[in-house]
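Trainee: So that we are looking at the same thing, I have put the structure below in structure tokens.
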Amino acid sequence: MKIIDGKLISTQLKEEIAKKVKHIVEKGKRPPHLAVIIVGEDGGSQVYVNNKIKACQLVGIKSTHIELPVETTENELLKRVYDLNNNTELDGFIVQLPLPKHINEQKIIEAISPEKDVDGFTPINIGKMVIGLDAYVPATPFGITELLRRYKIETAGKKVVVLGRSNIVGRPISILMSQKSDIGNATVTVCHSKTPDLMKITNQADILIAAIGVPEFVTADMVKKGVVIIDVGTTRVKSDQTKSGWKLKGDVKFDEVAEKAGLITPVPGGVGPMTIASLLYNTLLAYKKKQL
Ligand code: GUN
């Protein structure tokens with residue numbers, strides 16, 4: 001078994017982005033600019049957003065952090081989105097999810113200008129991605145394709161099984177991997193909570209992508225020897241072994257599955273670190289498109 005080191009690959013990707021940003025600034029131009037809106041005080045979201053802002057600083061991307069109180073109304077948030085859509089000094093922005101219950105997430109996503117939608121969540125970007133047009137690919141699927149690409153994992157003609165059909169991971173990665181592209185040309189099966197004989201399907205996978213958010217769901221008897229495992233799960237579970245009192249668990253029972261796998265992403269240190277690097281990549285892309 002070999003580990004797919006997401007921390008290492010994300011560091012390489014960030015270094016490449018930093019070099020490109022440095023080159024832009026050296027030419028006397030303004031750096032790329034990302035804004036992040038967060039509504040309310042969800043602890044997990046605050047950690048993610050702070051990490052996104054820190055990563056921007058690391059690579060030289062300008063960032064604006066907009067923190068709004070939990071009682072912000074849907075109309076107030078829509079107004080913020082319109083303001084950012086019209087801000088010519090801004091290349092891209094994201095609205096951190098989840099939003100408080102009184103705000104319709106889909107309505108907010110649909111208000112984001114597709115040109116600035118560096119999360120790749122708007123229907124226009126998703127639609128473009130589905131038919132293979134140039135689009136912002138959501139961070140986690142992009143991160144997965146980058147790991148497969150940089151580890152030179154063959155996907156053409158392989159059987160890929162995706163566990164989960166979420167809009168931000170399962171659905172887009174299943175589409176990308178079935179497309180006629182370098183990290184594509186695979187035969188993809190999407191499994192979900194209503195899939196019968198799951199074990200029979202997962203046991204045929206050459207590449208298994210687990211994105212269901214159920215800690216340690218995938219066990220050794222569910223996979224064949226030599227499988228490539230991409231574990232997207234990051235569930236916080238209580239732990240008395242850490243200072244913080246919790247630790248991250250993947251969707252895969254790592255120790256037993258790792259013994260059988262050819263390659264496997266750990267949690268933490270696998271897919272997770274790639275997502276922020278992917279957001280920075282999309283921001284640089286948005287900047288470049290604006291300069292054209
Ligand atoms: N919440 C969890 N992941 C994401 C993400 O990639 N983008 C946004 N906007 N919110 C999230």
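The values are calculated or read from the model by the stated rules, or taken from the named source; none is laboratory data. Nothing here was measured: the structure is a model prediction, and the numbers come from that model. In this analysis, Cβ positions are derived from the backbone assuming ideal geometry, glycine residues included, and neighbour counts consider all displayed protein chains. Ligands, DNA and RNA are excluded from the accessible area calculation, which covers all protein heavy atoms including side chains. Shrake-Rupley method; radii C 1.70, N 1.55, O 1.52, S 1.80 Å.
Trainee: Does LYS288 meet the test of being among the basic types (Lys, Arg) and not in a helix (DSSP H, G or I)?
Mentor: Judged against the criteria, LYS288 is not a match.
Trainee: Given the options ARG171, ARG165, name the one that is in contact with a Gly (Cβ under 9 Å, 6 or more places away or on another chain) and open to solvent by 20 Å² or more (accessible area, probe 1.4 Å). Break it down stepwise before answering.
Mentor: Numbers: ARG165 fails: in contact with a Gly (Cβ under 9 Å, 6 or more places away or on another chain).
Only one candidate qualifies: ARG171.
Trainee: So, one more: Just give me the residues in region 224-248 being in contact with a Leu (Cβ under 6 Å, 6 or more places away or on another chain) and among the aliphatic types (A, V, I, L, M), in sequence order.
Mentor: Hits for region 224-248 are VAL227, VAL228, ILE229.
Trainee: From the set of residues in region 228-264 that are more than 25 Å from PRO141 (Cβ to Cβ) and polar (S, T, N, Q), which is farthest from the chain's Cα centre (by Cα)?
Mentor: Taking the candidates together, the pick is GLN241.
Trainee: Here's something else I'd like to know. Scan region 40-72 for residues that are at positive phi and within 14 Å of the ligand (Cβ to nearest atom) and jot them down.
Mentor: Answer for region 40-72, where residues must be at positive phi and within 14 Å of the ligand (Cβ to nearest atom): just GLY40.
Trainee: Among the residues of region 86-93, is any over 19 Å from the mean Cα position of the chain (by Cα) and within 15 Å of the ligand (Cβ to nearest atom)?
Mentor: No, region 86-93 has no match at all.
Trainee: What is the number of the single condition among (1) of a type outside the set (S, T, N, Q); (2) surrounded by fewer than 21 Cβ atoms within 10 Å (Cβ to Cβ); (3) not in a strand (DSSP E or B) that MET177 does not meet?
Mentor: (2)
Trainee: Go through region 118-128 and give me each residue that's open to solvent by less than 10 Å² (accessible area, probe 1.4 Å) and more than 10 Å from the ligand (Cβ to nearest atom).
Mentor: Listed by number, the residues that qualify are THR122, ASN125.
Trainee: Of the numbered conditions (1) within 15 Å of the ligand (Cβ to nearest atom); (2) in contact (Cβ under 8 Å) with a residue 40 or more places away in the chain; (3) more than 24 Å from VAL232 (Cβ to Cβ), GLU110 fails exactly one; give the number of that condition.
Mentor: GLU110 satisfies all of (1) within 15 Å of the ligand (Cβ to nearest atom); (2) in contact (Cβ under 8 Å) with a residue 40 or more places away in the chain; (3) more than 24 Å from VAL232 (Cβ to Cβ) except (2).
Here is a yes/no grid of residues against (1) assigned to a helix (DSSP H, G or I); (2) free of Cβ contacts under 8 Å to residues at least 12 places away in the same chain:
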{"position": "LEU13", "(1), (2)": "yes, no"}
{"position": "ILE17", "(1), (2)": "yes, no"}
{"position": "GLY28", "(1), (2)": "no, yes"}
{"position": "VAL36", "(1), (2)": "no, no"}
{"position": "VAL47", "(1), (2)": "yes, yes"}
{"position": "ASN50", "(1), (2)": "yes, yes"}
{"position": "CYS56", "(1), (2)": "yes, no"}
{"position": "THR64", "(1), (2)": "no, no"}
{"position": "GLU67", "(1), (2)": "no, no"}
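Trainee: Here is a further query. Exactly one condition in (1) modelled with pLDDT under 95; (2) of a type in the set (A, V, I, L, M, F, W, C); (3) surrounded by 13 or more Cβ atoms within 10 Å (Cβ to Cβ) is false for VAL47; which is it?
Mentor: If we test VAL47 against (1) modelled with pLDDT under 95; (2) of a type in the set (A, V, I, L, M, F, W, C); (3) surrounded by 13 or more Cβ atoms within 10 Å (Cβ to Cβ), just (3) comes out false.
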